[in-house]
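Encoded as structure tokens, the structure appears first; notes follow it.
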Amino acid sequence: MLQVTDVQRTFKSGDTTVTAVGGVNFKIPEGKFASIVGQSGSGKTTLLSLLGGLDKPTSGSIEVDGQDITKMHDHQLIGYRCRKIGFVFQQYNLVPNLTAIENVMLPMEFAKVPVAKRQARAKELLAQVELSEDQMKRKPGRLSGGQQQRVAIARALANSPALILADEPTGNLDSQTGKMIFDLLHSLSRSQNTTIVVVTHDLSIAGKTDKVFRLKDGKLVR
Amino acid sequence: MNVITRGIRNAFRNMIRTLSITVILGLSIGLSLVMLIANQAVANKIASVKASIGNTISISPAGFTPGSSANNALTTNELNSVKTIAHVTNLTEVLTDRLHNANATLPSRFPFDNTSSNGNNTTSLSSPIKLNVNRGGNGPRIFINGGGNLPSNFSLPVSIIGTTDPSNVNSNAITITSGSTIDAGKSTHNALVSTSMAAKNDMKVGSTFTAYGTTLTVKGIFTGDSTSAVANDVIVSLPTEQQLSGQTGVVTGAVATVDSIDNLDATTTAIQNKLGSAANVTNAVTEANNTISPLNSVKTITLYSLIGAVAAGSMIILMTMVMIVRERRREIGVIKAIGASNLRVMTQFMAESVTFTLLGAVVGIIGGVLAGNPITKLLVSNSTNAGARGPGGGFRHGGGFGPGHAFASFHSGIANISASIGWDIILYGLAAAVIIALIGSALASFFIAKIRPAEVMRAE
């Protein structure tokens, strides 16, 4: 369960205060697939950063699995990001000199999972996102955009997180591959019972999610 | 794969860059090692020169150069006053001269002077020293202006040394190999000849030869610390030489021994004050300091170069790592976002930095070990050639005495430097590499700590 209560994030810009996220409230039950839509500059990415513990809100609370992450210290946030959150980025952001399987093993290394377990879990996840044995040993440069995004999704799932945050996961892909990735995320939310929040401006994709939040000028609108 | 392995692997991400950094760091570490090797070798040499300084003071007539006429020589009477100076425990007096073979022909303008007052500087002895003409061959050489050769019956003038201490001549400890020594206090017609001289002239103990028209008997045959340095020498007692050369009471040099090295400078001043401007009074400390001053310069240069090379290496790796961190800013942000701590990311970059420097260290250590000795010799050779020209230089077989000899021995000693390269040097090299790596990654680590993953997401 993800519960966001009256979250506000402001930035100082010279003498003026800019409100990136202003008093947002929402709740997403466990295992649901939600999307946040809005125009560029509406505060989508800032909200995603707050949910992922990459940034701290000016006020309000964010509860993930009953834990208020706004009260966590920096070192606790590192643990939270490692075990509770999975990130999927628009640019995939895989480590270029690591193979697909090594990229998936990376979060598990940070979570101190033993090597043998890491390897088995990474293989299992990559197989789940339909990567062949040969593709698992390739570095990102030798994989297509869709394959890279699938590796990124497998990496996000590595530590069985409570919440997967995806920032424009289909933004860099053609429509067919984008649809495939979206379907994959959708099926994962069902099979793994993982809450997924996707930031997108593609309304056709957003329309297929369990919940849609529209963000305008940092505030949720109906 | 762990954080260290990943760091090491990252070092090989761009082979051209890795190769360039390795070569540049190798040069820097190699130069550091060469400078360290040179610095240690020079420091050891300075220490050994200082350790070899004896507690003796050289006294020579003012303006006297070895082999020249002793027209301003000191006298035994003057030197007797030195014996009474506090801390002087012994005084060795010497009168030197050169004798040419009566049957040999000297080339015109040969640098030979007739110092005796009886005008008969001849001997029946032939010198065992063979001079090489016009830079040919090894050993002593003579250059004849306009070319040409020495006369076929040429023999180098021999040195005759009258001394009050026949056990030590021209800073060489004398060992009698055959016969016995002479009575240094009496005027007798006995002499000691070098083993080379005896062999050249087919002499043994009891043989006779002439000097200044007088027949002398070989009482003993000797060799010195340096066989070649004493090869051309004949030793007689001081009274004998004074009587034979007709220079009664005259000495061309003396060596005063002081009870302690601590009193050396004060006693030198006291002797100089006693003898006034008639004498040059120097001690081994002054001479050694003059001689090692070029070494001190080399030591300073190598120290600064060592610091400079380590600093340059650190700067190279520092700038490289900063560049790499800037280049991989997004990657660092993502790694942090998926759960890596600052420390973990820093460790990964440090491993990369250490890998670069260890690669550079391998190249540098090989280069440093190979170049250390030749460069040390070159530095010392250039420095001593430029800085060490002093009294007593030049042709030594003329039988000179005084500070020139002590100086010459120091000078020849410092040019003969050898750098030793042991495991400690290699360990220093590796330690320097690790220090360079740690300094080099410090700023990079600071930048890593400053990268906020939220910024990476915002840049999406």
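In this structure, does A:A158 turn out to be touching a helix residue (DSSP H, G or I) at 6+ places or on another chain (Cβ under 6 Å), surrounded by fewer than 17 Cβ atoms within 10 Å (Cβ to Cβ), of a type in the set (A, V, I, L, M) and closer than 19 Å to A:Y80 by Cα?
no
Any idea which of A:V198, A:V212 is touching a residue at least 24 places away in the same chain (Cβ under 8 Å) and closer than 16 Å to A:F89 by Cα?
So the residue among A:V198, A:V212 that is touching a residue at least 24 places away in the same chain (Cβ under 8 Å) and closer than 16 Å to A:F89 by Cα is A:V198.
With a cut-off of at least 2 residues that are away from chain B (no Cβ under 11 Å) and modelled with pLDDT of 90 or more, name the helices (runs of 4 or more DSSP H) lying wholly within the stretch A:71-161.
Filter on the stretch A:71-161 gives A:115-128, A:133-136, A:145-157.
Looking only at the stretch B:44-53, decide whether some residue is surrounded by 18 or more Cβ atoms within 10 Å (Cβ to Cβ), away from chain A (no Cβ under 14 Å) and of a type in the set (S, T, Y).
No, there is no match, as no residue in the stretch B:44-53 is surrounded by 18 or more Cβ atoms within 10 Å (Cβ to Cβ), away from chain A (no Cβ under 14 Å) and of a type in the set (S, T, Y).
Name the residue that is farthest from A:E168 (Cα to Cα), counting only residues in the stretch A:14-53 that are loosely packed, with under 14 Cβ neighbours inside 10 Å and within 14 Å of another protein chain (Cβ to nearest Cβ).
Checked the stretch A:14-53; the qualifying residue farthest from A:E168 (Cα to Cα) is A:V18.
Which numbered condition in (1) in the same structural domain as B:M35 (by TED's automatic domain parsing); (2) in contact with a Pro (Cβ under 7 Å, 6 or more places away or on another chain) is the only one that B:A231 fails?
So the condition that B:A231 fails would be (1).
Condition check ((1) free of Cβ contacts under 8 Å to residues at least 40 places away in the same chain; (2) outside any loop (DSSP other than H, G, I, E, B)) across all residues:
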{"position": "A:Q3", "(1), (2)": "no, yes"}
{"position": "A:V7", "(1), (2)": "no, yes"}
{"position": "A:T10", "(1), (2)": "no, yes"}
{"position": "A:V18", "(1), (2)": "yes, yes"}
{"position": "A:V24", "(1), (2)": "no, yes"}
{"position": "A:S42", "(1), (2)": "no, no"}
{"position": "A:L47", "(1), (2)": "no, yes"}
{"position": "A:L50", "(1), (2)": "no, yes"}
{"position": "A:D55", "(1), (2)": "no, no"}
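Mind listing whichever residues of the stretch A:7-54 are among the small types (G, A, S) and either touching a Ser or Thr at 6+ places or on another chain (Cβ under 8 Å) or farther than 24 Å from A:D202 by Cβ (or both)?
Of everything in the stretch A:7-54, those that are among the small types (G, A, S) and either touching a Ser or Thr at 6+ places or on another chain (Cβ under 8 Å) or farther than 24 Å from A:D202 by Cβ (or both) turn out to be A:S13, A:G14, A:A20, A:G22, A:G23, A:G31, A:A34, A:S35, A:G53.
Look through the stretch B:13-63, keep the residues that are of a type in the set (S, T, Y) and at pLDDT below 90, and return whichever of them is farthest from B:V258 (Cα to Cα).
B:S28
In the list A:K179, A:K139, which residue meets the criterion of being in contact with a Pro (Cβ under 7 Å, 6 or more places away or on another chain) and surrounded by fewer than 24 Cβ atoms within 10 Å (Cβ to Cβ)?
None of the others qualify; the one that does is A:K139.
Tell me the residue from B:T217, B:T257 that is surrounded by fewer than 18 Cβ atoms within 10 Å (Cβ to Cβ), under 22 Å from B:T163 (Cα atoms) and not assigned by TED's automatic domain parsing to the domain that holds B:N170, please.
B:T257
Which numbered condition trips up B:G339, out of (1) crowded, with 23+ Cβ neighbours inside 10 Å; (2) on the phi < 0 side of the Ramachandran plot; (3) free of Cβ contacts under 8 Å to residues at least 60 places away in the same chain?
(2)
Being modelled with pLDDT of 55 or more, closer than 26 Å to B:S20 by Cβ and either assigned by TED's automatic domain parsing to the domain that holds B:I324 or part of a loop (DSSP other than H, G, I, E, B) (or both) narrows it down to one residue among B:L379, B:L443; which is it?
B:L443
This table checks each residue for (1) touching a residue at least 24 places away in the same chain (Cβ under 8 Å); (2) acidic (D, E); (3) part of a helix (DSSP H, G or I).
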position	(1), (2), (3)
B:V218	yes, no, no
B:D265	no, yes, yes
B:T269	no, no, yes
B:S277	yes, no, yes
B:V285	yes, no, yes
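B:T268: out of contact with any helix residue (DSSP H, G or I) (no Cβ under 6 Å at 6 or more places or on another chain), among the polar types (S, T, N, Q), within 20 Å of B:A73 (Cα to Cα) and not assigned by TED's automatic domain parsing to the domain that holds B:M197, yes or no?
Yes: the conditions hold for B:T268.
The values are calculated or read from the model by the stated rules, or taken from the named source; none is laboratory data. Owing to the predicted nature of the structure, the values given are computational and were not obtained by experimental measurement. Heads up, the Cβs are rebuilt from the backbone with ideal geometry, glycines too, and the neighbour counts pull from every protein chain shown.
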